[in-house]
Structure formats: structure tokens, C-alpha cells
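What follows is a short report on a single structure.
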Amino acid sequence: QVQIVESGGGLVQPGDSLKLSCAASGISFSSYFMRWYRQAPGKQREWVATMTARGVTDYVDSVKGRFTISRDNTKSTVYLQMDSLKPEDTAVYYCKASYGISDYWGQGTQVTVSS
């Protein structure tokens, strides 16, 4: 059974940092593309970052230079380090594992950036 579980969200102030984790089980993690998405209230879900199985990364323009995606295949976990957070980063953050036509989503973790 596949499980994707995000953690690390919370309430922070503008300019703060936060590190999200996404732990996967039931899949051959090292073979999977791992992606972070987010969904703000009243908005569509938005892609944030990708790390391929080979470690290539890509980011949406709005987070480039502030967010860093990484993975630890020994722990079957992908991370999203978020620095210089802004109020517009407030959203539920989701993790997705992809391989071929298979996609597995987590339940999301709330990030709120507010003073």
C-alpha cells in the first residue's frame, strides 16, 4: 500500500524559514519523480518544485532563489526548504510521487505566513 505523508507545516512570520518533509512508503522511491504543489484558498493547485530521479530540479518562478527541493533516497523522503517566506506563500502544500502513469498524492500540510 502506497503512503505519501507530508509534515512540517505551520504558522510563521514573513521572512522566516520552514522545511517541509514528504515521506513515501510502498514505492521504489529512488525511481520516482517527486514534486511539491500548493493550493491557496480560492485558487487552483499550483506546481512549485520538481526533483527527478536523477536529482535534476526545477521551480516555479515565484519561488526560485527562496525554495530548495531535495531528497534522501535512504529515507524515502523529499524535502522542501522554504526561506524568505512571504504571505503569498500561504497555502496547503502537497507532495506527489510520479512514475510513468502512476501518481500518488499526500494529504497536504498547511503553511501560513502572517505577521
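Converting phi to 3J(HN,Hα) with the Karplus coefficients 6.51, -1.76 and 1.60 and the offset θ = phi - 60°, the range 67-72 yields 10, 9, 9, 8, 9, 10 Hz in sequence order, with x at every glycine or proline.
For the chain, excluding the exposed loop sites themselves (trypsin sites (Lys or Arg not before Pro), DSSP loop, at most 12 other Cβ atoms within 10 Å), the longest remaining stretch covers 1-42. Bridgeable lysines around LYS75 (alpha carbons under 29 Å apart, same-chain partners fewer than 8 residues away excluded): LYS19, LYS64, LYS96. Each Lys or Arg adds one and each Asp or Glu takes one away; over the other residues whose Cβ falls under 9 Å from the Cβ of PHE29, this sums to +2. Once backbone amide H atoms are built at 1.01 Å from N, ASP58 has THR50 as its partners under 5 Å, excluding neighbours fewer than 5 places away on the same chain.
I need the calculated FRET efficiency for the pair ASP61 and SER102, taking r as the beta carbon distance and R₀ as 35 Å, to the nearest 0.05. Walk me through the numbers on the way to the answer.
On the way: r = 28 Å, r/R0 = 0.80.
The computed FRET efficiency comes out at 0.80.
Simple rule: put +1 on each Lys or Arg Cβ and -1 on each Asp or Glu Cβ in the chain, find the dipole, and look at GLY42, TYR93, SER76; the Cα lying farthest toward the positive end is SER76.
The Cβ shell under 13 Å around LYS43 holds other residues with a net charge of -1, Lys and Arg each +1, Asp and Glu each -1.
Go through the range 2-85 and name the chymotrypsin sites (Phe, Trp or Tyr not before Pro) that are in a DSSP coil and have 11 or fewer other Cβ atoms within 10 Å of their Cβ. Write down the numbers at each step before the final one.
Details: sites: PHE29, TYR32, PHE33, TRP36, TYR37, TRP47, TYR59, PHE67, TYR79; in loops: TYR32.
In loop regions of the range 2-85 (DSSP not H, G, I, E or B), there are no sparsely surrounded chymotrypsin sites (Phe, Trp or Tyr not before Pro).
Beyond 16 Å, how much of the Cα-Cα pair distribution for the chain remains, as a whole percent? Taking all Cα-Cα pairs of the chain, the fraction more than 16 Å apart is 55 percent.
Would you kindly give the portion of the calculated P(r) for the range 23-91 that falls above 16 Å, as a percent of all Cα pairs?
Numbers: 1148 of 2346 pairs.
Of the Cα pairs, 49 percent sit more than 16 Å apart.
Counting Lys and Arg as +1 and Asp and Glu as -1, what is the net charge of the other residues whose Cβ lies under 13 Å from the Cβ of ALA91?
On the way: positive: ARG38, LYS43, ARG45, LYS86; negative: GLU6, GLU46, GLU88, ASP89.
Result for the neighbourhood of ALA91: 0.
Charge dipole of the chain (Cα centre as origin; +1 on each Lys and Arg Cβ, -1 on each Asp and Glu Cβ, all else neutral): 140 debye, rounded to the nearest 20.
Each value in this text was obtained by applying a stated rule to the coordinates, not by laboratory testing. From a predicted model like this one, the values you see are computed outputs, not experimental measurements. All Cβ positions, even for glycine, are placed from backbone atoms using ideal geometry, and neighbour counts span all protein chains on display.
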